[in-house]
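The structure under discussion appears below in the form of structure tokens.
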Amino acid sequence: PKKHRDAIFFQVRPGARIEPGQLMTTRQYFISDRYEDLDAQARQYTEEELMERVSPAGRPVQLYSYDSEFGASVADFNACPGSSVCIGSTTPVSGSKPLFYAECVSNRIVTFDQFHFANPSTA
């Protein structure tokens, strides 16, 4: 006799609005079983499913410069050589701009412009 499996696959796309600085966390279970047994199998996991919005707390990030170099630290600011240039956060903060670190050949930059090297004159 030929074996055959029924399968139903789907994706739930929540229509929840995600605000700046929030993340959507989901946990879903996919069950592979005979079609007739799926409902009974799925009932075990209904309390385990998760979909929630969270606003993670960020950690401070310090950018510092020394000589012609720069660095960043998310840990011990006292261990950083050179002088502090600015302090930011690892998560978005209202009213702030994201910083991007980019490299193109031997050129390196920290900038608000994520497309800085897209212009041939800056590459």
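The values are calculated or read from the model by the stated rules, or taken from the named source; none is laboratory data. The structure displayed is predicted, hence computed values, not measured ones. Virtual Cβ from ideal backbone geometry, glycine too; neighbours counted across all protein chains shown. These area figures cover heavy atoms from the full protein model, side chains too; ligands, DNA and RNA do not enter into them. Shrake-Rupley method; radii C 1.70, N 1.55, O 1.52, S 1.80 Å.
Structure data summary
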read-out: Region 40-50, subset open to solvent by less than 80 Å² (accessible area, probe 1.4 Å), assigned to a helix (DSSP H, G or I) and not polar (S, T, N, Q), residue farthest from A102 (Cα to Cα); value: A40
read-out: When residues of region 25-39 are limited to those that are part of a loop (DSSP other than H, G, I, E, B) and touching a residue at least 24 places away in the same chain (Cβ under 8 Å), the one nearest to M51 (Cα to Cα); value: S32
read-out: Cβ-Cβ under 9 Å pairs, at least 6 apart or on other chains, region 97-123 side over 16 Å from L63 (Cβ atoms) and modelled with pLDDT under 85, far side assigned to a strand (DSSP E or B) and open to solvent by 80 Å² or more (accessible area, probe 1.4 Å); value: F117/E103
read-out: Selection count where residues are open to solvent by less than 100 Å² (accessible area, probe 1.4 Å), over 15 Å from Q22 (Cβ atoms) and part of a strand (DSSP E or B), scope region 51-107; value: 21
read-out: Single residue of S65, S89, S83, S73 found to be touching a Pro at 6+ places or on another chain (Cβ under 8 Å), closer than 24 Å to V110 by Cβ and at pLDDT 75 or above; value: S89
